Amino acid sequence: MTGLESLLLLLAAGLAVPLVLGCAGVLYLAVKYTSKIVRIFEDRPVFMPLKVSPAADGESLGFPADDGVRLSGTYFKARTSLRVGVLVYCHEFLSDRWSFQPYIDHLRDVGFDVFSFDFRNHGESERQPDYEPLQWVSDREVRDLKGALRYLRSRPDRDPAGFGLFGVSRGGTVSLFAAADEPDVWGVITDGAFPTRGTMVPYIVRWAEIYVPTQWIRKVVPHWVYEILAWVARRHSERRLGCRFQNVESAVARLAPRPWLMIHGARDVYIGPEIAQSLFAYGDGPREFWLVPDAKHNRCRQADPEAYAERVLAFLAAYAPRRPLARPTVAVSRTAAASLTLAPEVAPVEPSPIPS
């Protein structure tokens, strides 16, 4: 063996040792902490969702999701003589289709039809005994929304211009994923939308303070290790729950040229503004980010109803296929205001991430 060969062999050995040690360390962390991450990842929200009394002036109906699950929805006509567009409402986790009223019912006064539906295992839609939905978006919810769009395309009064999507929290995240794949979606408005991967990793870093109290150890762990732990935990949950959690960041990257209005609370303790801004940065097209002062998760509308209605209407005026006919006089219609039941806020319980 020549001197050069000996040197190369020593260099290879020197590189292999830390690589093997690194892989062994990651494997140890995965074995030790995956069950803990999965348990917290699958925790359910610790608050009551928005509940609104049913509206009587819509057309209630049933339709199949992309995989055949029967879903319930209601189609509401605009209160104007002319229709300027169709909006599809996607409710938050644990809520139902009637919660559209305080958010977008007033847009029927300026010419928009509204279609709202219950996701599977919610409201009056079919319940799958072998599926346990979580606050994270899976392929099941995407199938529900795609089924809703397919149904709308089949209606005799379908709008050839397509649809706008409005989603709250998990419903907003579903809207982003479906919009990236559906060419007849002309715009998306989300309130409190969040990524799965981009939320898990910051939380794992926070949980590390509980499970790994030695500070210097936490500091030397590379960020990619947390990414791997999050990936392993998601795959474990997917196998147990029989679903696939969606890569929301990749959907946002494919969203252009569809315009997107992202609304988020500046005091959101579940999904911090930095997480929302990180998701927003994946976009590459016409988009607006509105950080609502003093608003908590799913409380942006309550923080300033008039400004909320104005911001939504301005976005629609700029990007809807037809201009709204008139400006609504109130942020929430009298019918919706009379039926609205605000859910009490519950303080978050550490260390669980509990978006809806």
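The values are calculated or read from the model by the stated rules, or taken from the named source; none is laboratory data. Please read these numbers as outputs of a predicted model, since none were measured by experiment. Backbone-built Cβ (ideal geometry, glycine too); neighbour counts: all protein chains shown.
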**Report entry** Test: residue in segment 77-99 that is touching a Phe, Trp or Tyr at 6+ places or on another chain (Cβ under 6 Å), modelled with pLDDT of 95 or more, closer than 18 Å to residue 312 by Cα and not aliphatic (A, V, I, L, M)
**Finding:** yes
Report task. Scan segment 109-125 residue by residue and report those that are assigned to a loop (DSSP other than H, G, I, E, B) and either among the β-branched types (Val, Ile, Thr) or out of contact with any Gly (no Cβ under 9 Å at 6 or more places or on another chain) (or both). Result -> 120, 121, 122, 123
Query - One residue from 125, 53, 81 being hydroxyl-bearing (Ser, Thr, Tyr), surrounded by 19 or more Cβ atoms within 10 Å (Cβ to Cβ) and farther than 18 Å from residue 158 by Cβ - result: 125
Query raised in the report: All but one of (1) more than 25 Å from residue 299 (Cα to Cα); (2) at pLDDT below 95; (3) of a type outside the set (Ser, Thr, Tyr) hold for residue 42; which doesn't?
Result: (1)
Report task. Among the helices (runs of 4 or more DSSP H) lying completely within segment 233-324, list those that include at least 2 residues that are under 27 Å from residue 101 (Cα atoms) and either out of contact with any Pro (no Cβ under 9 Å at 6 or more places or on another chain) or free of Cβ contacts under 8 Å to residues at least 12 places away in the same chain (or both). Result -> 273-280, 305-319
Requested in this report: For residue 137, state whether it is among the β-branched types (Val, Ile, Thr), under 22 Å from residue 68 (Cα atoms) and touching a residue at least 12 places away in the same chain (Cβ under 8 Å).
Outcome: yes
Report task. Might you let me know whether segment 131-149 holds any residue that is among the basic types (Lys, Arg) and within 28 Å of residue 316 (Cα to Cα)? Result -> yes
